[in-house]
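Input: a single structure, listed below in structure tokens.
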Amino acid sequence: MIQHPDKNYIDPILVRIHNQPAYCAHVKEEADGKPWFHDIKEYLSKEEYPEHANHIQKRMLRRLSNHFIHIGGNLYRRTPDLSLLWCVDTKEASKLLEDVHAGTCGLHMNDFVLVKKILRAGYFCMTIETDCIQYVRKFFQCQVHADVIKVTPNDLNATSSPWPFAA
């Protein structure tokens, strides 16, 4: 405890508890089974809000829709460098995780490299980071070989021998 010089009483911190999630970045699917981007896609194509949306949800939908564009029936996320990432639902995201992790873009990378490779390939999902972390943690071979020391090509070039520990 720290004594406050003016008074012995410190004002309490007010904490509010919300009944619904504050961030939509953790939503994989909506309650009705539609993908996470369904409301954004409908708002961009028809310029109408969902019938059950209140004022706060409408404002959030307007803000989110600024980062997306609807082209040819597909929804794309705009990035700061003006490239477009194709929005995928959870089924397609799980297929991407398996394909990219299993060897399409390299073999068995860690979770953050996996996220970067999926984004670099041109795909986007709101929960891609948490999905990659959970996928790599559940993958048995990655957990077995996680503690193995790997030699980089720079380590090989530092010595005259092709083996890094040769004398």
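The values are calculated or read from the model by the stated rules, or taken from the named source; none is laboratory data. Keep in mind that this is a model prediction, so the values were computed, not measured. Quick reminder, even Gly has a Cβ in these numbers, built from the backbone with ideal geometry, and neighbours come from all protein chains shown. Just the protein is used for accessible areas: all its heavy atoms, side chains included, with ligands, DNA and RNA removed. Shrake-Rupley method; radii C 1.70, N 1.55, O 1.52, S 1.80 Å.
Structure values in brief
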| item | result |
| --- | --- |
| Dimensionless Rg/Rh of region 43-94 - Kirkwood Rh, Rg from C-alpha atoms | 1.01 |
| Accessible area, probe 1.4 Å, largest first, for residues Met109, Met126 | Met126, Met109 |
| Amide H partners (placed H, <5 Å) of Tyr123, local residues excluded | Trp86 |
| Top positive-direction residue, dipole computed over region 60-99 with Cβ charges, set Trp86, Ser65, Leu75 | Ser65 |
| Distant-in-sequence amide H partners of Leu75 (H built 1.01 Å from N, under 5 Å) | Cys87 |
| Relative packing of 95-101, 78-84, which averages over residues the other C-beta atoms within 10 Å, highest first | 95-101, 78-84 |
| Where Trp86, Trp36 fall by accessible area, highest first, once all protein chains stay in place (1.4 Å) | Trp86, Trp36 |
| Area of His38 that stays accessible when all protein chains are in place (1.4 Å probe, Å², to 10) | 40 Å² |
